[in-house]
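Taken together, the values in this text are just the output of simple stated rules run on the coordinates, not laboratory data. Keep in mind that this is a model prediction, so the values were computed, not measured. Cβ placement follows ideal geometry from the backbone for every residue including glycine, while neighbour counts extend to all protein chains displayed.
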Amino acid sequence: MLKYLIKKLYIYILTFFFAVTIDWLIPRFMPGDPIGVLVSRFTGLPESAKVMYSYLTKAFGLQLPLWKQYINFWIAIFKGDLGISIYLYPKPVLSIIAQSVPYTLIVLLPAILLSWTVGNYIGAISARHKSLDSSMLPIFYIITSIPYMWLGILLAWALGIVFGIFPIAGAYSFSMRPNWSWQFVVDFLKHWILPFLSLFIVQIGGWAIGMRNLIIYELEANYSRYLEVLGASEGLIRRYAFKNAILPQITGLALQLGTIVAGSIATEVVFAYPGMGYILLQGILNQDYFLVQGVFLFIIIGVLLANFLVDILYMIVDPRIRLGLGGENV
Amino acid sequence: MKEFIYFAFKNTKFKIGLAILLFFLILAIIGPYVSHYKDPLEYVSMSNLPPSRENWLGTTTFGQDVFTQFVYGLRSTFFIGLFGGGLATIIGLLIGFIAGYKGGLLDDLLMMLTNILIVIPTLALLIIIAAYLPYRGIGIQSVIIGLTAWPWTARAVRAQTLSLRSREFVNLAKITALRPLKIVLEEIAPNMMSYVVMVFILQFAGAILAAVGLDFIGLGPTKGISLGLMLQYSTLWNAIQLGIWWWFIPPGLAITMIVSSLYFLNIGLDEIFNPRLREE
């Protein structure tokens, strides 16, 4: 069991190392001169451009030898220093991101957990009823093909503009300040529901397809046939099938995280929801490279942590790993 | 081949998928010729006009013709699917074959790289690369999508290769001293053809969705038009608030239909290649 965890941890540390290296490498070895571009965007006067250029060169530490830059980069990361934002000058990137993370999580986490539960449930139902399956499966595939932002746009347009039920921008009304009053919570939830729904609905399709296929596969496995021959009730066989099918779905949760994060970025952009995706868009539109780099690092760290949690969950659920008997894809 | 065509045209999912895909493909090919306007970005009309005989899908806030943008956007979408998805498939196949067939240290190294890249969200990687490219075209976009989307393919191909490697006919080929490359190409690859086709279809769909995501957060092509850029512009210029539905419905609908048609093709092909799954 410990061996399993250590092996996983090892991969994650390597991944983190790799990601940080890419984060460091790309601004320095990309064709073109990012700093030049930056300066030309932000200053009109040639003199201030010069000052800006030398400031940025220093900020990136570009006058140092490469290996030193690389080490400094790591030191800065462990100090939590991700640079100063240009778009929201002079706020440090770290504090901007720290402010936006709660908004991302409050939409993302419920959407992931609920869609996973509901999707698995619908998928399992679909697998048992042949007549239902033939009409449900195409629907699942269509749902999973919808780009997140398009569903967001449709929901915003239909429910927000045409019917005018929900507000479509921001996390709460401009006239309010965050507090724990009843009024604010309702207002917050009203703003929250549409981004949540667009993430929730698209994900259901994928989980349902996965569960349906796995259950059908398990019901044809030898142990199911054997139980059938022994005269076990259908309910019992299904319960065994479900238990076996849920394991790959947990692994799937880890594999899907990247796509889901991508979806949440796009969804936040649609609803101007002040999470990391929205910050990222501002960073990109304003060529705020520190901000983009910082968000990249945070996404990686978040995904790695989530992966690790999924691994622990898997360990708890799968008795083979828990008891150290080895198991699939260890 | 004859058998394949026979079963293919008995399979409803395959037929529906193919029909939708061909519809959009033909629209992408002939659309620019039948459209009234030649340049998708040219200001040709009044702004925010609803669909009419002059502007089949209405106009944007800038008075650009939405239909013209749409058909040119479709072209970019197919281009990215073909080249981005194609590149990802080729890289995934190569790495998967080599890792699975060679085994040993090379296998360990390649799989470590694959596992690392699987954990890193593709979009995050794309963002950090694309953000630093001052000029981007759809060609470059396909290349960076292709370079980042291959890991799951490599892993799956490796697993397939491992299981094929120990089959008898491969052992026989080894005994006859066939070169490894020849064994991979002539003995193993043909047995995976159906699988490869299906992987390519999935990568095609994945590349399209990845490109839309990039375009939407402002990292799309710096010139030209694509379906994702249409979505981005419509959101940035308040098409939702103004109710200009003809601007954002067509691109999203087309992407959804193309991607789901690809999925249908994929399940259809699965049933065609695999007799046990065939519909009665």
Out of every Cα pair in the range B:1-157, what percent are spaced more than 18 Å from each other?
-> 72
Placing one equal point scatterer on each C-alpha of the range A:73-155 and summing with Debye, one gets log10 I(q)/I(0) at q = 0.12, 0.16, 0.19, 0.21 Å⁻¹ equal to -0.63, -0.82, -0.96, -1.05
Counting other Cβ atoms within 10 Å of each Cβ, which trypsin sites (Lys or Arg not before Pro) in the range B:12-47 have at most 13 and sit in a DSSP loop?
-> B:LYS38
The range A:185-207 residues near the modelled A:VAL118 label - backbone nitrogen below 19 Å, point 7 Å along Cα→Cβ | A:189-207
Helix A:130-145 axis, angle to chain A major axis (alpha carbon atoms, nearest 10°) = 10
Karplus ³J(HN,Hα) for the range B:160-173 (6.51 cos²θ - 1.76 cosθ + 1.60, θ = phi - 60°; Hz, whole; x = Gly/Pro) runs 5, 4, 4, 6, 6, 4, 8, 6, 5, 5, 6, 4, 4, 4
Quick one: give the max-minus-min coordinate of the C-alpha atoms of the range B:53-118 along each principal axis, largest first, in Å.
-> 65, 19, 10
Can you give the convex hull volume of the alpha carbon atoms of the range B:196-280 per residue, in Å³?
-> 107
Let me know the volume per residue of the alpha-carbon convex hull for the range B:5-47, in Å³.
-> 96
What FRET efficiency would be calculated for the residue pair B:PHE169, B:ILE30, taking the C-beta separation as r and a Förster radius of 45 Å, to the nearest 0.05?
-> 0.45
Considering only B:ILE29, B:ILE208, B:ILE255, give the residue with the highest GNM mean-square fluctuation for chain B, with springs between Cα atoms whenever their separation is below 10 Å.
-> B:ILE29
Treat the count of other C-beta atoms within 10 Å as a stand-in for reagent exposure and order A:SER175, A:SER85, A:SER100 from fewest to most.
-> A:SER175, A:SER100, A:SER85
Within 10 Å of each Cβ in peptide A:150-158, how many partner chain Cβ atoms are there on average? Round it to a whole number, please.
-> 6
Quantify how strongly other chains surround peptide B:113-120 by giving the mean number of their Cβ atoms within 10 Å of each of its Cβ atoms.
-> 6
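For A:ALA158 and B:ALA159, FRET efficiency with R0 = 41 Å and r from the beta-carbon atoms, rounded to 0.05? List each step's numbers first, then the result.
Numbers: r = 43 Å, r/R0 = 1.06.
Working from the Cβ atoms, E equals 0.40.
At a threshold of 8 angstrom on Cα-Cα distance, excluding pairs fewer than six apart, so keeping six or more, what relative contact order does chain A reach in percent?
Values: 327 pairs, mean separation 84.1, N = 330.
Result for chain A is 25 percent.
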Kirkwood Rh, Cα Rg: Rg to Rh for the protein assembly as shown?
-> 0.97
In the protein assembly as shown, taking the dipole from +1 charges on Lys and Arg beta carbons and -1 charges on Asp and Glu beta carbons about the Cα centre, the listed residue (A:PRO178, B:GLN64, B:ILE175) farthest towards the positive end is B:ILE175
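Tell me, what are the semi-axes, in whole angstrom and largest first, of the equivalent ellipsoid of the range B:110-266 as set by the roots of 5 times the Cα gyration tensor eigenvalues?
Rounded to whole Å, the semi-axes are 40, 18, 12.
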In which sequence would A:LEU291, B:LEU202 go, from the one with the fewest C-beta neighbours within 10 Å to the one with the most?
-> B:LEU202, A:LEU291
For the range A:106-199, max minus min Cα coordinate along each principal axis, in Å, sorted largest first?
-> 52, 27, 19
Put one equal scatterer on each alpha carbon of chain A, apply the Debye formula with no solvent term, and list log10 I(q)/I(0) at q = 0.07, 0.08, 0.14 1/Å to two decimals.
-> -0.40, -0.52, -1.19
Across peptide A:11-21, how many C-beta atoms of other chains are within 10 Å of each residue C-beta, on average?
-> 3
Long-range amide H partners of A:ILE84, meaning residues 5 or more apart or on another chain whose placed amide H is closer than 5 Å, are A:VAL93
